[in-house]
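All remarks here apply to the structure that follows.
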Amino acid sequence: MPKTIVKRKPTQKTITHKQKIFAAEYIKDFNGTQAAIRAKYSVNSAKEQASRLLTNANVQAEVAKLMQKRVEKVEVDANYVLQRLVEIDQMNLLDIMTDDLAFKPLSEWPDCWLRTVSSIESLEEFANVGGERVSIGMLRKIKLPDKIKNLELLGKYVDVKAWVEKVELDVNLKLSLPEAIKLAREERLLN
């Protein structure tokens, strides 16, 4: 008598090979539709498949596991980000300039500046002197980090709420609403 093979559906605790491929593709760019296409799901239904897969608990767990591996591999976590924000906040322009406001050679720049500056442009200026082309100066543009944006990010992280205006109003129930507002305005002016 031949053996009968019973195909079992994956249990709730398993993830299919194709779902694992989807999860690995998804963490590349966090584009579910493209991840589904790269995982060989139908192009015509990739958007729907991605939506379904991203709500699947097994796929979510796989994505979380892969993301954790990525964090461990690159050694970037919340502490690293906070340390970099503080480092950027403490950067001083005088660290990269001489007393006559010229830029120091790059070899003399502190590491935090070398890691943070996103671009440096140099332009040599010339003039025609007696029929000859003569260098008359150098123009250098350095793209510095946005200190205000950096402070906003730091403020959000440590929850200082420095940009939230807080108004406290103690309402006496014996007053009408217009009277309470008038009283609050007067107290505000006195404080």
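Number of residues in the range 121-135 that are closer than 22 Å to LEU106 by Cα and of a type in the set (A, V, I, L, M, F, W, C) equals 1.
Here is a yes/no grid of residues against (1) at pLDDT below 95; (2) among the small types (Gly, Ala, Ser); (3) in contact with a Lys or Arg (Cβ under 9 Å, 6 or more places away or on another chain):
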{"position": "LYS28", "(1), (2), (3)": "yes, no, yes"}
{"position": "SER45", "(1), (2), (3)": "yes, yes, no"}
{"position": "SER51", "(1), (2), (3)": "yes, yes, no"}
{"position": "THR55", "(1), (2), (3)": "yes, no, no"}
{"position": "GLN60", "(1), (2), (3)": "yes, no, no"}
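Please determine whether any residue of the range 171-190 is aliphatic (A, V, I, L, M), at pLDDT below 75 and within 22 Å of the chain's Cα centre (by Cα). The answer is no, given that none of the residues of the range 171-190 is aliphatic (A, V, I, L, M), at pLDDT below 75 and within 22 Å of the chain's Cα centre (by Cα). Assess whether LEU123 counts as being in contact with a strand residue (DSSP E or B) (Cβ under 9 Å, 6 or more places away or on another chain), surrounded by fewer than 10 Cβ atoms within 10 Å (Cβ to Cβ), without any contact (Cβ under 8 Å) to a residue 60 or more places away in the chain and more than 18 Å from LYS147 (Cα to Cα). The answer is yes for LEU123. One residue alone among ALA78, ALA102, ALA23 is at pLDDT 90 or above and of a type in the set (A, V, I, L, M, F, W, C), and that residue is ALA23.
If you go through the range 59-92 one residue at a time, how many are out of contact with any Phe, Trp or Tyr (no Cβ under 9 Å at 6 or more places or on another chain), among the hydrophobic types (A, V, I, L, M, F, W, C), in contact (Cβ under 8 Å) with a residue 24 or more places away in the chain and more than 25 Å from GLN49 (Cα to Cα)? Total satisfying the criteria: 2. If you go through the range 50-61 and keep only what is of a type in the set (Gly, Ala, Ser) and either within 16 Å of THR14 (Cα to Cα) or buried (at least 16 other Cβ atoms within 10 Å of the Cβ) (or both), you end up with ALA50, ALA57, ALA61. For ALA64, indicate whether it is within 22 Å of the chain's Cα centre (by Cα), among the aliphatic types (A, V, I, L, M) and surrounded by 15 or more Cβ atoms within 10 Å (Cβ to Cβ). The answer is no for ALA64.
The values are calculated or read from the model by the stated rules, or taken from the named source; none is laboratory data. As the structure is a prediction and not an experimental result, all values here were calculated from the model. Using ideal geometry, Cβ is built from the backbone for each residue, glycine included, and neighbour counts are taken over all protein chains shown.
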